[in-house]
1. Which of the residues belonging to the stretch 147-176 are among the charged types (D, E, K, R) and touching a Lys or Arg at 6+ places or on another chain (Cβ under 9 Å)?
2. So, in the stretch 98-121, how many residues would count as being assigned to a helix (DSSP H, G or I) and touching a Pro at 6+ places or on another chain (Cβ under 7 Å)?
3. Looking only at the stretch 165-181, decide whether some residue is touching a helix residue (DSSP H, G or I) at 6+ places or on another chain (Cβ under 9 Å), buried (at least 17 other Cβ atoms within 10 Å of the Cβ) and within 19 Å of residue 24 (Cβ to Cβ).
4. If you check residue 69 against the conditions, is it modelled with pLDDT under 85 and surrounded by 13 or more Cβ atoms within 10 Å (Cβ to Cβ)?
5. So, residue 99, is that one surrounded by fewer than 17 Cβ atoms within 10 Å (Cβ to Cβ), within 28 Å of residue 137 (Cβ to Cβ) and at pLDDT below 90 or not?
6. Are there any pairs, at least 6 apart or on different chains, whose C-beta atoms fall under 8 Å, with the first in the stretch 132-149 and part of a helix (DSSP H, G or I) and the second acidic (Asp, Glu), and if so, which?
7. With at pLDDT 90 or above and among the β-branched types (Val, Ile, Thr) as the only criterion, which of 89, 34 stands out?
8. With respect to residue 105, determine if the residue is surrounded by fewer than 17 Cβ atoms within 10 Å (Cβ to Cβ), at pLDDT 95 or above and in contact with a helix residue (DSSP H, G or I) (Cβ under 7 Å, 6 or more places away or on another chain).
Amino acid sequence: MPREYKLIFTGSMGAGKTTAIAAVSEIEPCRTDVANNDHAGHAKATTTAALDYGEVTLAGGDKLRLYGTPGQSRFDFMWKILGQGSLGVVILVDNSRPDPLADLRDYAHAFGDALAESRAVIGVGRWQKHPAPTIDDYHRAVVGLGYEAPILSVDARRRGDVLMLLDVLFHQIEAAEQRLGASTTAMETP
């Protein structure tokens, strides 16, 4: 019987969550965009108010249910709601923002459980025109928060880049489950 998996795309406004989901979804993504009234935070015309939603069918008929969180912190209550029951998290960071490392820290705190369980991957966008901070800077920031996570340079508009994020995330999840299974087996062995 096919299974369903819930994945979360999160990050600041304009980081590419809606775009990433649209790049891989087999259905027309559900969007809850409203007019952006926070032009100081980002100059885009609209922003996600509740969620984005898309689907991907895996081999064997399993489904990925992709949920995008709103980027503005005033909608952080949706982060908690959407995060419940998720298998993993993709954190997208816009390297052109004034302090992308602070953005990363905010989302790392909000989704710390997924990071702590190795069920997260970080994608850094707009790298070509904004090469700083570097991947090493992001790595140091994540380690400084007490976590480990793969960090990749991505273009959320490119299907291949988003699929790469998902592939790396599933490798993380699989490795975490194997570690958990091994520790559970070790605990059960007399």
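1. Our first condition is that a residue be among the charged types (D, E, K, R); within the stretch 147-176, this holds for 148, 155, 157-159, 161, 167, 174.
Of everything in the stretch 147-176, just one residue is among the charged types (D, E, K, R) and touching a Lys or Arg at 6+ places or on another chain (Cβ under 9 Å), namely 155.
2. Residues in the stretch 98-121 being assigned to a helix (DSSP H, G or I) and touching a Pro at 6+ places or on another chain (Cβ under 7 Å): 2 in total.
3. Looking only at the stretch 165-181, we keep the residues that are touching a helix residue (DSSP H, G or I) at 6+ places or on another chain (Cβ under 9 Å), and these are 165-166.
Next, from what is left, pick out any that are buried (at least 17 other Cβ atoms within 10 Å of the Cβ): 165-166.
Within this subset, residues satisfying the condition of being within 19 Å of residue 24 (Cβ to Cβ) are 165-166.
Checked the stretch 165-181: at least one residue is touching a helix residue (DSSP H, G or I) at 6+ places or on another chain (Cβ under 9 Å), buried (at least 17 other Cβ atoms within 10 Å of the Cβ) and within 19 Å of residue 24 (Cβ to Cβ).
4. On the way: modelled with pLDDT under 85: no; surrounded by 13 or more Cβ atoms within 10 Å (Cβ to Cβ): yes.
No: the conditions fail for residue 69.
5. On the way: surrounded by fewer than 17 Cβ atoms within 10 Å (Cβ to Cβ): yes; within 28 Å of residue 137 (Cβ to Cβ): yes; at pLDDT below 90: no.
It is false that residue 99 is surrounded by fewer than 17 Cβ atoms within 10 Å (Cβ to Cβ), within 28 Å of residue 137 (Cβ to Cβ) and at pLDDT below 90.
6. Hits for this filter: 142/148.
7. Numbers: 34 fails: at pLDDT 90 or above.
Answer to the check: 89.
8. Details: surrounded by fewer than 17 Cβ atoms within 10 Å (Cβ to Cβ): yes; at pLDDT 95 or above: yes; in contact with a helix residue (DSSP H, G or I) (Cβ under 7 Å, 6 or more places away or on another chain): yes.
In short, yes.
The values are calculated or read from the model by the stated rules, or taken from the named source; none is laboratory data. These numbers come from a predicted model, not from an experiment. So basically every Cβ, Gly included, is an ideal-geometry build from the backbone, and we count neighbours across all protein chains shown.
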